1. Please verify whether the stretch 61-81 includes one or more residues that are surrounded by 15 or more Cβ atoms within 10 Å (Cβ to Cβ) and within 14 Å of residue 129 (Cα to Cα).
2. Could you check, for the stretch 39-49, whether at least one of its residues is modelled with pLDDT of 95 or more, within 20 Å of residue 148 (Cα to Cα) and touching a strand residue (DSSP E or B) at 6+ places or on another chain (Cβ under 6 Å)?
3. Mind listing whichever residues of the stretch 125-140 are within 22 Å of residue 41 (Cα to Cα), surrounded by fewer than 14 Cβ atoms within 10 Å (Cβ to Cβ) and either out of contact with any strand residue (DSSP E or B) (no Cβ under 9 Å at 6 or more places or on another chain) or in contact (Cβ under 8 Å) with a residue 24 or more places away in the chain (or both)?
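The values are calculated or read from the model by the stated rules, or taken from the named source; none is laboratory data. Given the structure is predicted, the values throughout are model-derived calculations rather than measurements. Neighbour counts run over all protein chains shown; Cβ positions are idealised from the backbone, glycine included.
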């Protein structure tokens, strides 16, 4: 008879690994987050503000100027309301703890037209997006995971 502790440990590990073991082989997996995603965390923002196709970035600590380069322009669906957002291949702005200003390179589709996102503030629990003349508020947790560009596959 098998050791009950061994059976319990084996069944627990299978339960823990089951999403990986039974995943669809045609389902693409995302590459690991880039250093730019980690940099967002350093300033108090979730990594999911950037799509997964980041290929470079720089932050000037003195002036707070930053840029992010994507491998291609990218469209994603943003949570939680499923707005379509378009990222240029180069995103620029200024970043300090909890605040991104002078943002250029990200637009969102609402009310049948494209609106630039010009700033983002974070208080930890919520993100406040400056879109045109309005500010919208969403839970930060909705942006924990970086979105994949529509129509692209990233295989590991």
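1. Yes, there is a match, as at least one residue in the stretch 61-81 is surrounded by 15 or more Cβ atoms within 10 Å (Cβ to Cβ) and within 14 Å of residue 129 (Cα to Cα).
2. Yes: one or more hits.
3. 139
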